[in-house]
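Worksheet: one structure, shown below.
The values are calculated or read from the model by the stated rules, or taken from the named source; none is laboratory data. Remember, it's a predicted structure, so these values are computed and weren't measured experimentally. Neighbour counts run over all protein chains shown; Cβ positions are idealised from the backbone, glycine included. These accessible areas exclude ligands, DNA and RNA; they are computed on the full protein's heavy atoms, side chains included. Shrake-Rupley method; radii C 1.70, N 1.55, O 1.52, S 1.80 Å.
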Amino acid sequence: MVVVVEQNATEKEIEGIIKILHDFGFDVHRSTGVNQTVLGAIGVKPDFDTRQVEVLPGVAHAYRITEPYKLASRTFKQERTVIPFKNCQVGGDAIVIMAGPCSVESESQIFTIAEQVAKAGAKFLRGGAFKPRSSPYAFQGMGEEGLKLMRRAADEYGLMVISEAMDGTQIEVMERYADIIQVGARNMQNYNFLRELGKSTKPVMLKRGLSATFEEWLMSAEYILSGGNKQVMMCERGIRTFETATRNTMDISAIPVVHAKSHLPVVADPSHGIGIRDKVIPMARAAVAAGADAVIVEVHNDPDHAKSDGPQSLYPNQFEEMMKQIRVIAEAIGRTIA
Ligand code: PEP
Ligand code: MN
């Protein structure tokens, strides 16, 4: 249930409403907006009569959220969520670009790429230190050593860090070195992990599962939000369809649809989305045109020798070209590149 508080309600009245909601057995999530304070009362009470709340002093109105996801829904929160960082914000008018290799491979590799992507205008350095590989025999990442290198390279060039944690045991180390914790597509429905991320103070980027519907994806975000972590962004990274010509099918429709259903920022990953280098730039252009709040893209200084995802990684000069092109598209829709 959403409880909209009267505009002139006092703090004491709001506290009174929260207490009564707790007494009814609800979990209460408060959203203090510029114009309005809204309380999300969560708890499975299908026959609860919302009038019991509507009569309380300070309440403007109370209504049910019909979607199964509550805190992630636009019904609960109309204003878009904006997630602030030191050098930019995700979810505002300016589109944030995150770039870097699939995996951190060495000191010279990550420093070279960090310098190149920073120069071209990226705000975040991406790179995996713990890699979810389809084969147990493939390169599994450099672990904490990789994170240390990434942090140093990012700091050197004024970038923020995004990297993937694969389970709850990796959250703490990720909090030490990264600015955003990435949840990989294969972990989107690892509910225990999502619950633990709900307790983290770091923003989380939740990738869409390989065959997840929008509702399933938003329900996963709900796990993180209901744990108390409100800094969640959704990342479309391509889904599995009957098509075999591309690695995945980049679902551009996810961007406007999730924006309509949810207040959370939407990130596009054209690299995993299509999986073929020469199609990444067109997909990035489409993602920006469709309203993505951020684009995360794989860039490698020597993709032909990359330890993972070389065939979908852009050469640095291609990344520069991508930046040039998406600036024009951003402007055409009244946005900028951060
Ligand atoms: C990645 O970002 O390198 C990655 C493994 O992504 P996904 O979980 O989308 O496959
Ligand atoms: Mn990758």
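Odds and ends about this structure:
- For the stretch 264-308, the fraction of alpha-carbon pairs in successive 5 Å shells from zero, as %: 5, 23, 28, 21, 12, 7, 3, 0
- Residues N192 and H61, FRET efficiency given R0 of 30 Å [Cβ-Cβ distance, rounded to 0.05]: 0.25
- DSSP-defined antiparallel bridges as percent of all bridges, the chain, nearest 5: 35
- Checking the cross-link pairs K19/K261; K12/K77; K70/K307 against a 31 Å limit on the alpha carbon distance flags K70/K307 as lying beyond it.
- Fraction of accessible area attributable to carbon and sulfur, the stretch 2-63 (%, probe 1.4 Å): 51
- Rounded percent of accessible protein surface that carbon and sulfur make up, the stretch 160-317, 1.4 Å probe: 51
- Each peptide in 283-291, 62-70 gets a packing score, the mean of other Cβ atoms within 10 Å over its residues, and the list from highest to lowest is 283-291, 62-70.
- Scaling the Cα radius of gyration of the chain by the globular reference 2.2 N^0.38 Å produces a ratio of 1.04.
- Neighbourhood net charge (14 Å Cβ-Cβ; Lys/Arg +1, Asp/Glu -1) for C235: -1
- Database remark: amide H of C102 closer than 5 angstrom to the amide H of V299 (H placed geometrically; neighbours at sequence offset of 5 or more, or on other chains; Pro and chain starts carry no H).
- In plain terms, the C-alpha convex hull of the stretch 2-63 casts an average shadow of 3.7 nm² when viewed from every direction.
- When the chain is described by a simple charge dipole with +1 on each Lys and Arg Cβ and -1 on each Asp and Glu Cβ, the residue from I17, M98, F130 located farthest towards its positive end is M98.
- Take the stretch 2-63 with all the other protein chains still there, run a 1.4 Å probe, and you get 58 Å² of accessible area per residue.
- For the chain, a Gaussian network of Cα nodes joined below 10 Å ranks P282, P136, P101 by mean-square fluctuation, and the top entry is P136.
- The shape of the stretch 1-145 can be summarised by an equivalent ellipsoid whose semi-axes, obtained from the alpha carbon gyration tensor, come to 46, 20, 12 Å from longest to shortest.
- When E175, E156 are compared by accessible surface with a 1.4 Å probe, the order from highest to lowest is E156, E175.
- Trypsin sites (Lys or Arg not before Pro) restricted to DSSP loop in the stretch 153-207 with at most 12 other C-beta within 10 Å: K199
- Gaussian network model of the chain, springs between alpha carbon atoms under 10 Å - residue of E243, E222, E115 with greatest fluctuation: E243
- Probe 1.4 Å, accessible area per residue of the stretch 83-337, Å²: 39
- Only Lys, Arg (+1) and Asp, Glu (-1) charged, at Cβ; the chain dipole about Cα centre in debye: 200
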